[in-house]
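Comments concern the structure below.
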Amino acid sequence: MTIFFLKSLLSLMLLAPAVYGMYTMFKVFGGGLDSARPEQFRHRHRAAGYLFILIFLLVSFLCVSFMAASRSEPSPRAALHILLALTIAALLIVKVLFVRSFRQLYAQAKVIGTVIGIMSVVLVGMSAGYYLTISRFGRDLTADKSVFYRIRGPLLAIERTGGPGVQAVRTDRMSVERGRTLFASRCAACHDPLSTNTIVGPGLKGLLKNPTLPVSKHPATAESIRFQLRQPMGRMPSFAYLSDEEMEDLIAYLNTL
C-alpha cells in the first residue's frame, strides 16, 4: 500500500466522525430531545470529536512526512489543501476553547462545528476523492508519486523517486538532438550544461554521473529527474506540461553532459 493510497483511505474515514459529529450536534442544539437524551448525544459528539482529531493527526503526519521527504514546492492544489487543513485545525482549537473555557461563547460552537464539518467534506473530496478517482482506487500506481517512499524513523525517507518501473534512458542521436534543442529553449537560461557553475540554477555538467542531484539530493537517476521536472524545488518552475516524449528526449540529452 502506497503512502498516498493510505492517506486517501484515512481521509475517507475522516468523513464518518465529521458527519456524525454534525448530526449529534444538531440533535443536541435543535433536535427537540427529552431531558435524558441531550447528555447521551453530547457523549457521542465528544467521542466523534476525539476520533476525528486522531485521524486528522494521522493524515497530517503522512502529508508533512511526504513534504519533508520530497522537499518539493507544494502545487497549487496542495497549497489549497494545506490552507484548508490549517483552517480546520484552528477552528477545532477555537471550538474547544469556547466549550471548555469561554462558556459565554458556547452558542457559537455549533456554527464553528458546522463549518468544520463542511470544510472536512470539501478537503476530503479534493484530496482523497481526486486521488482515488485518477488512480482507479489505487490500482493505477503511476498516479502515485510517493510509490518509492517508505517510513524510516519518525518521518518518511526517500528510497527512489518517480513512477513504478524503470525506463531506460534513450541514447539514439535523434532523441539526444531533440533534447538538446528543448534544453536550449527551456533550460539554458537558468542552467549551464557545460559546467557546474550556477546561473540561476546549478550547472548540470556530469548530472547523471554524480551520486545525487545538486539541489534536491535525490539519487541522480532518470526517475529522479522526471520527478524533479514535475515537482521542482525552490525557484525552479514546474515542467509537468512537457509530454512524455519531450521529457524522455530531455533526459537523453542530460545523460550526455
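All of Ala78, Ala109, Ala90 fail the test of being touching a Lys or Arg at 6+ places or on another chain (Cβ under 6 Å), in the same structural domain as Gly49 (by TED's automatic domain parsing) and in a helix (DSSP H, G or I), apart from Ala109. Kindly establish whether Ala189 is loosely packed, with under 13 Cβ neighbours inside 10 Å, modelled with pLDDT under 75 and outside the structural domain of Ser65 (by TED's automatic domain parsing). When the stated conditions are applied, Ala189 does not pass them.
Tell me whether region 121-139 contains one or more residues that are of a type outside the set (Asp, Glu), at pLDDT 85 or above, farther than 27 Å from Ile3 by Cβ and not assigned by TED's automatic domain parsing to the domain that holds Pro214. No, every residue in region 121-139 fails to be of a type outside the set (Asp, Glu), at pLDDT 85 or above, farther than 27 Å from Ile3 by Cβ and not assigned by TED's automatic domain parsing to the domain that holds Pro214. What do you reckon, is Arg77 closer than 23 Å to Val28 by Cβ, surrounded by fewer than 17 Cβ atoms within 10 Å (Cβ to Cβ) and among the basic types (Lys, Arg)? The answer is no for Arg77. For first residues located in region 1-28 and modelled with pLDDT of 90 or more, partners that are acidic (Asp, Glu) and in a helix (DSSP H, G or I) and lie 6+ apart or on another chain with Cβ distances below 9 Å do not occur.
Taking the criterion of being under 24 Å from Glu245 (Cα atoms) and not in a loop (DSSP other than H, G, I, E, B), the residues of region 195-211 that qualify are Leu207, Leu208, Lys209.
The values are calculated or read from the model by the stated rules, or taken from the named source; none is laboratory data. For clarity, every value in this text was computed on a predicted model and none was experimentally measured. Here Cβ is always computed from backbone atoms with ideal geometry, including for glycine, and neighbour counts include all displayed protein chains.
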